[in-house]
């Protein structure tokens, strides 16, 4: 058996000296350090933080079909470099989209022997596939996602009210949540005369009212059907009061926001810098601060990266056209340092961070019996990191397929020193622990809720 020992172990809502004892793939005990190693192979990491591995429930891998955008090998290695030990893959932008049990089977074949972290899978809700949802549940999907506005991918059509109303009872009966990209195109936003390189023009084209209206409809359907709903990548702080009221009324609703909505500001986005384009858009600083307050309150449940990469030319870097460029932020590896850099300035604690990046996300995805905590019986998924290390993001640091990210050039706090997946070190000293061409991939598919 081995053990990791530190003066700063994060567990049970507190941080302090501890020893995490690992027996095979699981945690046997978390104790206070003492001189008696009792035959253990003890690694003392000093005052580095020892925390549950990060669980990111919102990642777009795009394999099969668009592996040139991102694939399981590159995505999972980037995850390991960022302290992420588990993530959940979205049902687009792969081909076929994961809207049938057969498509999920094809995706599982595509990732066989390619996973360097554990990966779960969301299914998809599109018009006409309500009868497929039970099969997706049986196949191991952890929930299903719908778009309430054009997804940008013709294979994944957006769902109207009637489509959602048809799908939600199937998900409710299967015990799965509906995840929703909550924007409704309300029209009447004319930006035709604007400079397409203007970020302010793009921001006007997707106003907060689009999110607010979609969330109101989603909550109405939640109350009508009893299906649990989850708002992905919340960016509009104007919807917070509506969400607070729904939670107070006991509706089964959860909410995530993204690292980029907490860390980046519309006021700082240069015109033409389409690396910053995502949907919903990065909004103004006053909106960002309200999202932080809602996260600290517990109204927003957890934080994700929404890693949504593409090939560099789809960002149209020469034209800088915000309206025509592909929208998505590549950041899978950077969730921990980006959120921590802002959180530490606000006086947030390491246990807060662990809750936002690990515990609550694992629980939402149905993995909370084995993932997201340092506790006996849980998987030995651990990130060891230095919260005081200051560094500037360079393209050479990024391990996802295309190092195109708005964080390049940003100064951040927090360096991952070691990532451990079910007892095996998969990243250490700045490099994958198994970087050779024939290296072993230790990750596994996470099929079915509580499957970890």
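The values are calculated or read from the model by the stated rules, or taken from the named source; none is laboratory data. The structure presented is a predicted model; accordingly, all values stated were derived computationally and were not measured. Here Cβ is always computed from backbone atoms with ideal geometry, including for glycine, and neighbour counts include all displayed protein chains.
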### Query
Which condition does residue 197 not pass, out of (1) surrounded by 16 or more Cβ atoms within 10 Å (Cβ to Cβ); (2) within 23 Å of the chain's Cα centre (by Cα); (3) part of a loop (DSSP other than H, G, I, E, B); (4) at pLDDT 95 or above, if it passes all the others?
(2)
### Query
Among the residues of segment 252-264, is there at least one that is under 30 Å from residue 413 (Cβ atoms) and free of Cβ contacts under 8 Å to residues at least 40 places away in the same chain?
yes
### Residue within segment 219-228 that is crowded, with 16+ Cβ neighbours inside 10 Å, touching a strand residue (DSSP E or B) at 6+ places or on another chain (Cβ under 6 Å) and assigned to a helix (DSSP H, G or I) present
yes
### Query
Can you tell me which residues in segment 301-313 are free of Cβ contacts under 8 Å to residues at least 60 places away in the same chain and surrounded by fewer than 22 Cβ atoms within 10 Å (Cβ to Cβ)?
313
### Message
Looking only at segment 31-53, how many residues end up being exposed (fewer than 14 other Cβ atoms within 10 Å of the Cβ) and touching a residue at least 40 places away in the same chain (Cβ under 8 Å)?
### Response
3
### Query
Where in segment 12-96 are there strands (runs of 3 or more DSSP E), lying wholly inside it, with at least 3 residues that are under 20 Å from the mean Cα position of the chain (by Cα)?
54-59, 84-89
